Amino acid sequence: MQIIGCQLDIQWEDKEANFAAVRRMLGPAAATPSTLILLPEMFAVGFSMHVDRIAEDAGGATEQFLAELAAEHKAYVMAGVVGRQADGRGRNEAVVFEPTGRRIARYTKLNPFSLGGETKRYARGDDVQVVGVGPWQLAPFVCYDLRFPEIFRRAVQRGANLMVVIANWPVVRIDHWTALLAARAIENQAYVVGLNRTGRDPHLVYSGRSVVFDPHGQRVTQLDDQPGLLAAQLDLGGLERYRHAFPALCDLRPEFLPKLP
C-alpha cells in the first residue's frame, strides 16, 4: 500500500483555506486505488477549543470535502474532523473514506488532552476501531492517544496491522512523539504512521516530524519541520513473514490484556 500524508501548516479556524491547501499539496501526488491519503488531527481548523464555531454535524462541509477528495483521487482518505454532541461538547474524530467517497469508519479520540483543556470541551470516545483498507487492517488514533499503549494493544487483538496517529503535536514534546511511535510499532509488530502538523497556532508551535515506522521500529521515511508530503510504500507480505518468524504476539499473557467488550 502507498501512504501519502499531508503535513500541513493549518490556518486557524479557516476551513476553506485548509481545504485549498490540501488540494494544492495533493495536486502532483500520484494516488492509486490502494493509496491511503492522510490529513492531520482537526486539519480544517487547528486544535481549537471553540467548539461552537468549528463543530459540524455528521456529513457536514468537512466530511463532504473528504468524500470528494477520496472520489477524485480514487483513494482511501483518513483525516481529523470535529463532530458535535447533543450536549454542546465536540468530538475530536478521525474519519476514513473509501475510494468511492463512502465513509467507512468514524473514531472518536479516546484520550482528550486534559492539560490543554480538551476534556472540558470534547467528549471521550468509547472504544478503538479497526477498519479494512484494502488488504490492511487499519486502526486510527488521534494525538494524545499515543501515550496510552493499552488501546493500541486492543487494536492488535482485533487484527490491526497498520496504526495511524494523526496529530497536532507541539515542538516542546517532539522527542516523545518519535520515541512513542517507534515503541508502538515494535511492541505491536505493526506499521505505525504518525502524521503531524507544522507551523503555529495562537498558542503553540509545531515542528512536523511526520514519520513512518516499520514493524521492526525502523524509520521508513520522515519529514522535517516544513509543510510537505509524507510518502511511503508499506509491505504487507514482509510484515506477515516477520510476525510468523518472530511470533511475540502469540506470547501475550491474556490475563494482562485489555478486556474486549
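The values are calculated or read from the model by the stated rules, or taken from the named source; none is laboratory data. None of these values were measured; they are calculated from a predicted model. All Cβ positions, even for glycine, are placed from backbone atoms using ideal geometry, and neighbour counts span all protein chains on display. In case anyone asks, the SASA skips ligands and DNA or RNA and just uses the protein heavy atoms, side chains included. Shrake-Rupley method; radii C 1.70, N 1.55, O 1.52, S 1.80 Å.
Among the numbered conditions (1) at pLDDT below 95; (2) in contact with a Leu (Cβ under 9 Å, 6 or more places away or on another chain); (3) closer than 23 Å to Arg84 by Cα, the only one that Ala58 does not meet is (2).
So is Arg121 crowded, with 20+ Cβ neighbours inside 10 Å and either free of Cβ contacts under 8 Å to residues at least 40 places away in the same chain or not hydrophobic (A, V, I, L, M, F, W, C) (or both) or not? Against the criterion (crowded, with 20+ Cβ neighbours inside 10 Å and either free of Cβ contacts under 8 Å to residues at least 40 places away in the same chain or not hydrophobic (A, V, I, L, M, F, W, C) (or both)), Arg121 does not qualify.
Number of residues in segment 77-110 that are open to solvent by 30 Å² or more (accessible area, probe 1.4 Å) and modelled with pLDDT of 95 or more: the value is 10. Return a yes/no flag: does segment 158-179 have any residue that is within 18 Å of Val130 (Cα to Cα) and surrounded by fewer than 20 Cβ atoms within 10 Å (Cβ to Cβ). Yes, segment 158-179 contains a residue that is within 18 Å of Val130 (Cα to Cα) and surrounded by fewer than 20 Cβ atoms within 10 Å (Cβ to Cβ).
Would you pick out the residues in segment 230-251 that are of a type in the set (Phe, Trp, Tyr) and open to solvent by less than 80 Å² (accessible area, probe 1.4 Å)? If the condition is that a residue be of a type in the set (Phe, Trp, Tyr) and open to solvent by less than 80 Å² (accessible area, probe 1.4 Å), then Tyr242 is the only one that fits.
Conditions tested, residue by residue: (1) closer than 25 Å to Asp145 by Cβ; (2) modelled with pLDDT of 95 or more; (3) buried (at least 21 other Cβ atoms within 10 Å of the Cβ).
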position: Ile3; (1), (2), (3): yes, yes, yes
position: Cys6; (1), (2), (3): yes, yes, yes
position: Asp9; (1), (2), (3): yes, yes, no
position: Asp14; (1), (2), (3): no, yes, no
position: Leu38; (1), (2), (3): yes, yes, yes
position: Ile54; (1), (2), (3): yes, yes, no
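Regarding Asn196, is this residue surrounded by fewer than 24 Cβ atoms within 10 Å (Cβ to Cβ), modelled with pLDDT of 95 or more, in contact with a helix residue (DSSP H, G or I) (Cβ under 8 Å, 6 or more places away or on another chain) and within 20 Å of Leu234 (Cα to Cα)? For Asn196, the condition - surrounded by fewer than 24 Cβ atoms within 10 Å (Cβ to Cβ), modelled with pLDDT of 95 or more, in contact with a helix residue (DSSP H, G or I) (Cβ under 8 Å, 6 or more places away or on another chain) and within 20 Å of Leu234 (Cα to Cα) - is not met. In this entry, Leu138 is excluded by the filter for residues that are outside any strand (DSSP E or B), closer than 16 Å to Val164 by Cα and open to solvent by less than 30 Å² (accessible area, probe 1.4 Å). Among the conditions (1) hydroxyl-bearing (Ser, Thr, Tyr); (2) buried (at least 22 other Cβ atoms within 10 Å of the Cβ); (3) within 26 Å of Gly90 (Cα to Cα), Tyr191 misses just one, which is (3). Only residues that are over 18 Å from Pro227 (Cβ atoms), touching a residue at least 24 places away in the same chain (Cβ under 8 Å) and open to solvent by 10 Å² or more (accessible area, probe 1.4 Å) were counted across segment 16-36, and they come to 4.
Which one of these is in contact with an Asp or Glu (Cβ under 6 Å, 6 or more places away or on another chain) and open to solvent by 60 Å² or more (accessible area, probe 1.4 Å): Pro258, Pro254, Pro227, Pro202?
After ruling out the rest, the residue left standing is Pro227.
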